[in-house]
Amino acid sequence: MHTQNLIQMANRIGQFFESMPDRAEALAGAAEHIRKFWEPRMRAQFLQQLDAEAGQALHPFMREAVMAHHARLSEALPPAR
């Protein structure tokens, strides 16, 4: 999947969860949604791009969610190529 599509999908997920009143719950929920519903290769590609230029388009809320829950999102990922 194209990296920009992953970033856009993550930002839409973030828009939904950011509206929750409890910020900690919202951050955890956004990261958990990606962990549960994104195929491991999608997650791996997404996480690899966070430090790359493509990751700069990620909304600050989603960046915070991913960084706070990075270890959980990295579980059961395929080895890097």
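Rule-based calculations on the coordinates, nothing more; no lab input. Because the structure is a prediction, the values reported are computed rather than measured. Don't worry about glycine lacking a Cβ; one is built from the backbone with ideal geometry, like all the others, and counts go over all protein chains shown.
Could you tell me the ratio Rg/Rh of the range 3-73? Both radii from Cα atoms, Rh via Kirkwood.
Working: Rg = 10.9 Å, Rh = 11.8 Å.
Taking Rg over the Kirkwood Rh, I get 0.92.
Between Glu32 and Gln8, what's the calculated FRET efficiency when r is the beta-carbon distance and R0 is 22 Å? Round to 0.05.
On the way: r = 19 Å, r/R0 = 0.88.
Using R0 = 22 Å, I get an efficiency of 0.70.
How much length, in nm to one decimal, is gained on full extension between Met42 and Ala71, taken as 0.36 nm per residue of separation minus their Cα-Cα distance?
Details: separation 29, 0.36 × 29 = 10.44 nm, distance 1.56 nm.
Residue separation times 0.36 nm, minus the Cα-Cα distance, leaves 8.9 nm.
As an exercise, identify the GluC sites (Glu not before Pro) in the chain lying in DSSP coil whose Cβ has no more than 16 other Cβ atoms within 10 Å.
Numbers: sites: Glu18, Glu25, Glu32, Glu53, Glu64, Glu75; in loops: Glu75.
In loop regions of the chain (DSSP not H, G, I, E or B), the sparsely surrounded GluC sites (Glu not before Pro) are Glu75.
Taking the Cβ-Cβ separation of Ala52 and Gln15 as r and a Förster radius of 35 Å, what is the calculated FRET efficiency to the nearest 0.05?
Details: r = 22 Å, r/R0 = 0.64.
Calculated value: 0.95.
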